[in-house]
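Participant: Submitted below is the structure of interest, expressed as structure tokens.
The values are calculated or read from the model by the stated rules, or taken from the named source; none is laboratory data. Quick caveat: nothing in here was measured; it's all calculated off a predicted structure. Cβ placement follows ideal geometry from the backbone for every residue including glycine, while neighbour counts extend to all protein chains displayed. Ligands, DNA and RNA are excluded from the accessible area calculation, which covers all protein heavy atoms including side chains. Shrake-Rupley method; radii C 1.70, N 1.55, O 1.52, S 1.80 Å.
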Number of protein chains: 2
Amino acid sequence: MSFYDAVVPAYLQMLNSLTGLLTKAEAHCAAKKIDPAVLIGSRLFPDMLPFGKQIQLVSDFAAKGCARLTHTEVPSVPDTETTFAELKQRLAKTIDFVKSFKPEQFEGADAKDVTFPAGPDRSVTLKGQQFFSSVSLPNFYFHAATAHGILRHNGVEIGKRDFLGMN
Amino acid sequence: MSFYDAVVPAYLQMLNSLTGLLTKAEAHCAAKKIDPAVLIGSRLFPDMLPFGKQIQLVSDFAAKGCARLTHTEVPSVPDTETTFAELKQRLAKTIDFVKSFKPEQFEGADAKDVTFPAGPDRSVTLKGQQFFSSVSLPNFYFHAATAHGILRHNGVEIGKRDFLGMN
């Protein structure tokens with residue numbers, strides 16, 4: 001299997017499953033007469049990031065991960081989404097972006113250096129595989145699972161199968 | 001980079017960082033005079049699994065993932081832990097188990113079939129890379145991040161840097 005096969009399907013699985021979570025969250029708000037902005041602004045603790053920001057970060061870790069691993073321009077997307085429709089659009093654009101990469105672009109990328117920012121005044125260099133396994137993917141899943149946890153905590157009827165994209 | 005390098009460090013990073021979360025959770029209980037059993041039994045929603053079970057599942061997905069990918073005996077560990085010390089011991093044993101695998105055992109494992117249970121009466125067969133990327137790792141991170149979310153929701157002073165093992 002190629003490095004592309006290790007990277008791109010993993011990002012796509014979760015970007016697609018989170019799209020499904022957004023659909024269920026939107027339906028939950030409609031059914032329970034909840035203002036969508038309340039759920040999008042929900043957090044697990046006052047100093048944690050809200051649901052909407054978790055989705056934006058999932059999007060960023062996927063898009064920037066692909067760009068850094070292939071040494072192409074790292075996209076910068078403003079975090080302007082305030083509705084479920086806009087968050088789904090953000091994920092849809094990210095899916096298109098991730099799908100735009102070709103397997104050839106990932107050839108040898110596991111062993112190439114990737115330099116990425118680690119704070120305002122600091123950068124870190126790791127091999128591509130290490131960057132993917134120890135930085136990009138744990139951050140990506142952290143925000144995806146936290147987004148799931150926020151919805152679950154607020155009573156949206158979802159479960160791990162939705163998170164995995166099996167429903 | 002080898003398939004071993006893609007698999008084993010990823011499991012170990014999170015098993016180690018969760019050990020650190022358990023230490024902080026235990027200290028939080030002592031400082032706030034919280035019965036540890038209350039925090040270990042905490043959930044984000046009544047029909048979700050409690051914190052202790054999330055740790056047990058993280059342990060299982062790492063240990064069983066390594067075993068399935070290398071076609072060695074899949075361990076079955078009873079879920080008996082009820083204290084922070086016992087949960088840390090569970091993670092320590094899992095770390096030793098994961099570290100016991102050799103790079104040679106993972107050679108070619110990305111392209112070999114892995115058959116695993118998907119419910120009581122059903123099994124699924126995927127290539128090793130697909131099993132790792134689309135089943136083992138998302139489940140592993142799901143329970144790790146949910147464990148983090150439960151502690152965070154309960155006021156334990158941790159953050160993403162603890163989850164990533166950077167603190």
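Participant: Taking K and R as +1 and D and E as -1, what net charge do the other residues with C-beta under 12 Å from the C-beta of B:G52 add up to?
Facilitator: Residues close to B:G52 contribute a combined charge of +1.
Participant: Less than 13 Å Cβ to Cβ from B:R68, Lys/Arg counted +1 and Asp/Glu -1: what total charge do the surrounding residues give?
Facilitator: In short, -1.
Participant: Further, regarding this structure: Distances in nm, one decimal, shortest first, from A:P75 to the same residue in every other copy, taking the label point 7 angstrom along Cα→Cβ.
Facilitator: Once sorted, the set of distances for A:P75 reads 4.1 nm.
Participant: Give the Rg/Rh ratio for the protein assembly as shown, taking Rg as the radius of gyration of the Cα atoms and Rh as the Kirkwood radius, to two decimals.
Facilitator: For the protein assembly as shown, the value is 0.95.
Participant: Relative to the isolated chain, which residues of the range B:135-149 have their accessible area cut by 40 Å² or more in the presence of all protein chains (1.4 Å probe, heavy atoms, no ligands or nucleic acids)?
Facilitator: B:P138, B:N139, B:Y141, B:F142, B:A145
Participant: Going 7 Å from the Cα of A:T83 toward and past its Cβ, which residues in the range A:125-167 have a backbone nitrogen under 18 Å from where you end up?
Facilitator: It comes to no residues whatsoever.
Participant: Which residue fluctuates most in the GNM of chain A (Cα springs below 10 Å): A:L44, A:L57, A:L22?
Facilitator: Comparing A:L44, A:L57, A:L22 in the GNM, the peak value goes to A:L44.
Participant: State, to one decimal in nm and shortest first, how far the label point of B:E107 sits from each corresponding label point in the other identical copies (label point: 7 angstrom along Cα-to-Cβ).
Facilitator: Between copies, matching label points for B:E107 lie 2.5 nm apart.
Participant: Please give the Cα centre distance for the range B:5-58 versus the range B:112-167, rounded to the nearest Å.
Facilitator: Between the Cα centres of the range B:5-58 and the range B:112-167 lies a distance of 13 Å.
Participant: Once Rh is set to the Kirkwood radius over Cα pairs, what Stokes-Einstein translational diffusion coefficient, in µm²/s, holds for the range B:83-135 at a temperature of 10 °C and a viscosity of 1.306 mPa s?
Facilitator: 119
Participant: Let me ask another. Using Stokes-Einstein with the Kirkwood hydrodynamic radius over Cα pairs, what translational diffusion coefficient do you get for the range A:3-164 at 4 °C and a viscosity of 1.567 mPa s, in µm²/s rounded to a whole number?
Facilitator: 79
Participant: Determine the calculated [θ] at 222 nm for the protein assembly as shown from helices alone, applying -39500 (n - 2.57) to every DSSP H run no shorter than 4 residues and normalising by the residue count; nearest 500 deg cm²/dmol.
Facilitator: That calculation yields -18500 deg cm²/dmol at 222 nm.
Participant: For A:K127, list long-range residues whose amide hydrogen, built 1.01 Å from N in the peptide plane, is under 5 Å from its own amide hydrogen.
Facilitator: A:V114
Participant: While we're on this one: Distances from A:A92 to the same residue in each other copy, label points 7 Å out along Cα→Cβ, in nm, shortest first?
Facilitator: Those separations, rounded to one decimal, come out as 5.3 nm.
Participant: Report the B-A buried area as the accessible area lost on both sides summed, probe 1.4 Å, in Å² to the nearest 100.
Facilitator: 2900
Participant: Could I ask something else about it? Taking a threshold of 22 Å on the Cα-Cα distance, which of the pairs A:K64/A:K127; B:K102/B:K127; B:K24/B:K53; A:K127/B:K64; B:K64/B:K99; A:K64/A:K112 fall above it?
Facilitator: Listed pairs above 22 Å: A:K127/B:K64.
Participant: Computed FRET efficiency, Cβ-Cβ of B:S100 and A:D113, R0 22 Å: what is it to the nearest 0.05?
Facilitator: The computed FRET efficiency comes out at 0.10.
Participant: Another question, if that's okay. Residues in the range B:75-97 near a label at B:T23, defined as backbone nitrogen under 20 Å from the 7 Å Cα→Cβ point?
Facilitator: B:83-97
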